[in-house]
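Undergrad: Encoded as structure tokens, here's the structure I'll be asking about.
Computed from the coordinates by the stated procedures, all read-outs in this text should not be read as laboratory data. Keep in mind that what you see is a predicted model, and the values were worked out from it rather than measured. Here the Cβ positions follow ideal geometry from the backbone for every residue, glycine too, while neighbour counts run over all protein chains shown.
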Amino acid sequence: MADPKKLRLGVNIDHVATVRNARGGQYPDPLRAAKIAEEAGADGITAHLREDRRHISDADIEGLMDVLTVPLNFEMAATDEMQKIALRHRPHAVCIVPEKREERTTEGGLEVAREENRLAHFIAPFREAGCRVSIFIAADKRQIEAAHRIGAEVIELHTGAYCDAYAEGRFDTAQAELRGLEEMSRFAHELGLEVHAGHGLTYDTVSAVAAFPEVRELNIGHFLIGEAIFLGLEPAIAEMRRLMDEARS
């Protein structure tokens, strides 16, 4: 039986598909990456089916549902098309994220407070279908309260601002962002929400976030796929797993 206090690692395989799509062929195969991630100690697989299908495809989602033995975290925008796809597959979890076609990657968290009524109605069918509902948001009290009110079970805190500041050597800003993440993790936990975190985490930044006792899962993708070029995917994931476990011990 899995330890309920263990910090889980979700491996995002989107950018295996990015490399595949650059040539328009079949390789590298995201499903193969998902299976390697399982063997390397991933507790779940994350895949974002974007509206423009720039990386993960509909066929990838179908394949993942067929082959995975760990949970699939299906990232999606709050659109009717994505709702229909997710309800057809009924993955373990759906994570609602903001999405703009012109962005290179997901920028910032979802604006829940301004769209509370629409999002409450949007996620209701997922809860009825037995999918866990996660909302990807900034470490902001107002957004966390709104996510709680609409009935989300999980929030995923956007760690990008912290990671960017750290990478750019703005360490005072990074520490301020980290304090905000810590405070909002505690606040969300006190509301009864399960707390996840992710976006931009690396070997250098993961330990500080992994040490928060309220955080139950980290979702990490782009950095791991990049490291896999040099180390191989299994060793890259194993090192991330080691750092997370060390921070939690």
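Undergrad: So which GluC sites (Glu not before Pro) in region 96-200 are both in a DSSP loop and have at most 16 other Cβ atoms within 10 Å of their Cβ?
TA: E102, E103, E107, E111, E168
Undergrad: Which value, in Å³ per residue, describes the convex hull spanned by the Cα atoms of region 1-85?
TA: In region 1-85, the Cα convex hull volume per residue is 106 Å³.
Undergrad: What does the helix-only formula give at 222 nm for the chain: each DSSP H stretch with n ≥ 4 adding -39500 (n - 2.57), the total divided by the residues, and the result rounded to the nearest 500 deg cm²/dmol?
TA: Here the helix-only value at 222 nm equals -15000 deg cm²/dmol.
Undergrad: Based on alpha-carbon centroids, what's the gap between region 161-175 and region 5-41 in Å, whole number please?
TA: Computed from Cα coordinates, the inter-centre distance equals 27 Å.
Undergrad: Where in the chain lies the longest segment free of trypsin sites (Lys or Arg not before Pro) that are both loop residues by DSSP (not H, G, I, E, B) and have at most 13 other Cβ atoms within 10 Å?
TA: That gives 171-249 as the longest site-free run.
Undergrad: So, one more: Under 1.5 on a/c is rounded, so check that first for region 143-249, then, if it is not, pick prolate when a/b is larger than b/c and oblate when it is not; a ≥ b ≥ c are the square roots of the alpha carbon gyration tensor eigenvalues.
TA: prolate
Undergrad: If you place +1 on the Cβ of every Lys and Arg, -1 on the Cβ of every Asp and Glu, and leave all else neutral, what size is the dipole of the chain about its Cα centre, to the nearest 20 Debye?
TA: It comes to approximately 320 debye.
Undergrad: Where a Cα-Cα gap under 15 Å defines reach, which aspartates and glutamates qualify for K84, not counting those fewer than 8 residues away within the same chain?
TA: E51, D58, E62, E75, E128
Undergrad: Rounded to a whole number of µm²/s, how large is the Stokes-Einstein D of region 1-153 at 25 °C and 0.890 mPa s, given Rh as the Kirkwood radius over C-alpha pairs?
TA: 152
Undergrad: Given a Förster radius of 35 Å and the C-beta distance between Y203 and T79 as r, what FRET efficiency does 1/(1 + (r/R0)^6) yield to the nearest 0.05?
TA: 0.50
Undergrad: From largest to smallest, what semi-axes in whole angstrom does region 121-186 give when each is the square root of 5 times an eigenvalue of its alpha carbon gyration tensor?
TA: Listed largest to smallest, the semi-axes of region 121-186 are 29, 11, 8 Å.
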